[in-house]
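A short worksheet on the structure shown next.
The values are calculated or read from the model by the stated rules, or taken from the named source; none is laboratory data. All values derive from a computational prediction rather than experimental measurement. Positions of Cβ are generated from backbone atoms using ideal geometry, with glycine treated the same way; all protein chains shown enter the neighbour counts. Surface accessibility is based on the protein's heavy atoms, side chains included, excluding ligands, DNA and RNA. Shrake-Rupley method; radii C 1.70, N 1.55, O 1.52, S 1.80 Å.
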Amino acid sequence: MITDKDVFFMRLALEEAGLAFSGGEVPVGAVLVSKDVVISRAHNTRESSKDPTAHAELIAVRSGAERGSSWRLTEATLYVTKEPCIMCAGSMVNARLGRLVYGCKDEKGGAVDSLYKLLDDRRLNHQVEVVSGVLEKECALILQKFFKERR
């Protein structure tokens, strides 16, 4: 179920996606929240950092864990503008993330609903609650605009 808080925090993630867009990065933004407090914000920086792992989700999870008292993020919610990839979904399982809220699907690389369903795979040691489709049109639009300008 989508809440008003989900919409509020997804708007912050969209702000991060806008920063990525302005910097020539694929416009994905992420915000990590615990107890209604933002503990980290991030956007893709693969191009500028020359780091293939510099996805918004991974940066936000890493930064949030560093700021907390544990690497376990069971009380946290991660808001991401696009469905996470395999690498990022794996980091969420490893971090014991409590909840993921994402905007639009990634039919070519999504590891939550589209291609794989890593976050609710009972064979893994942790499952993550998932809410999808929050501000879906806005999240998809910024990606479409970015790739249209690149072609």
Point to revise | the chain, accessible surface, carbon-and-sulfur percent (1.4 angstrom probe) | key: 52 percent
Study note, to complete from the structure: Among the Cα-Cα pairs of the stretch 49-151, the proportion with separation greater than 24 Å, in percent, is 22 percent
Review point. Is the shape of the stretch 101-150 best called rounded, prolate or oblate, per the rule: a/c under 1.5 gives rounded, else a/b larger than b/c gives prolate, else oblate, with a ≥ b ≥ c the square roots of the Cα gyration tensor eigenvalues?
Key: prolate
Exercise for review: Any chance you could give the angle, 0 to 90 degrees and rounded to 10, that helix 4-22 forms with the longest Cα principal axis of the chain?
Suggested key: 40 degrees
Check your understanding: Where does helix 136-150 land angle-wise versus the long Cα axis of the chain, in degrees 0 to 90, nearest 10?
Key -> 40 degrees
Review point. Using only Cα atoms, what Kirkwood radius does the stretch 1-98 have, in angstroms?
Key: 13.2 Å
Check your understanding: Taking only protein heavy atoms and a 1.4 Å probe, what accessible area per residue, in Å², does the chain have with all protein chains in place?
Key -> 53 Å²
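Sorted by average packing, counted as other Cβ atoms within 10 angstrom per residue and highest first, what order do 90-103, 14-27 take?
Details: 90-103: 21.6, 14-27: 18.8.
Sorting 90-103, 14-27 by mean packing, highest first, produces 90-103, 14-27.
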Exercise for review: Would you mind checking the pairs 50/137; 50/148; 82/117; 50/117; 5/137 and listing those with alpha carbons more than 20 angstrom apart?
Suggested key: 50/137; 50/148; 50/117
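Calculate how many DSSP beta bridges within the chain are antiparallel, expressed in % of all such bridges and rounded to the nearest 5.
Working: 11 of 20 bridges.
That works out to approximately 55 percent antiparallel.
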Check your understanding: Going by average Cβ neighbours within 10 Å, how do the peptides 46-53, 116-123 rank, with the highest at the top?
Key -> 116-123, 46-53
Check your understanding: Mind checking the angle between helix 56-67 and the chain's longest principal axis? C-alpha axes, 0 to 90 degrees, to the nearest 10.
Key -> 40 degrees
